[in-house]
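Notes follow once the structure below has been shown.
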Amino acid sequence: MKMNLLIILSLMFCSYSCEKLADHTYILRVQNNTKDTIQVYAGYNYPDTALNVEKPILKIGYPDYETRLESKTDWKDKLQGDTLSIFILSKDTVDTYSWEDIRSEYNILKRYDMSISDLESQNWTITYP
């Protein structure tokens, strides 16, 4: 009787814990090879390359360091087409100006428009500059 209870509890525990293993984070790396701190975000509306109307969550990229953009959803499922836009902004600019000013002046350092196949061939890593 105790052995049956132990087996049933083990099966319940395993089936419960296996669901958590299904969670996956999709990662895009941005390597900052400059001496300046940058801020990065991904845009999903290509061919529209305008900056978001609302200020997005920006990830900090420290000098000579890799930052990660993470998603619980596969990048492919977020896109309107096949291309992801990665926006690189100066941290000083973001700290100094309003998002409305940055957006209206398109005050970015660089934009990368990368297809899924481009990102796969680069092992999901973008090197700036």
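All of the numbers you see were taken from the coordinates with simple rules; none came from a lab. Just so you know, these numbers come straight off a predicted model, no measurement behind them. Note that each Cβ is placed from the backbone with ideal geometry, even for glycine, and that neighbours are counted across all protein chains shown.
Multiply the residue gap between Asp64 and Ile108 by 0.36 nm, knock off their C-alpha separation, and tell me the result in nm, one decimal place.
13.9 nm
Pick out, in residue order, every one of the GluC sites (Glu not before Pro) in the stretch 49-82 that is DSSP loop and has at most 12 other C-beta atoms within 10 Å; say none if there are none.
Glu54
Each residue of the stretch 26-38 in order: what ³J(HN,Hα) in whole Hz does its phi give by Karplus 6.51 cos²θ - 1.76 cosθ + 1.60, θ = phi - 60°, with x for Gly and Pro?
Ordered by residue, 3J(HN,Hα) equals 8, 10, 10, 9, 10, 8, 8, 9, 10, 9, 10, 7, 10 Hz.
Check each of the trypsin sites (Lys or Arg not before Pro) in the stretch 52-102 and keep only those in coil by DSSP with at most 16 other C-beta atoms within 10 angstrom; list them in order.
Lys72
List residues of the stretch 37-74, by number, whose backbone nitrogen lies under 15 Å from a label position 7 Å along Cα→C-beta of Ser98.
53-55
Only Cα pairs under 8 Å and at least 6 apart count here; give the relative contact order of the stretch 40-126 as a rounded whole percent.
Computed over the stretch 40-126, the figure is 35 percent.
Using the Karplus equation 6.51 cos²θ - 1.76 cosθ + 1.60 (θ = phi - 60°), what ³J(HN,Hα) coupling, rounded to whole Hz, does each residue of the stretch 63-80 give in order, writing x for Gly and Pro?
3J(HN,Hα) across the stretch 63-80, in whole Hz: x, 6, 9, 9, 10, 10, 9, 10, 9, 7, 9, 3, 3, 4, 6, 8, 8, 6.
Return the equivalent ellipsoid semi-axes of the stretch 35-114 as a descending list in whole Å, where each equals the square root of 5 times an eigenvalue of the C-alpha gyration tensor.
That gives 21, 16, 10 Å for the three semi-axes.
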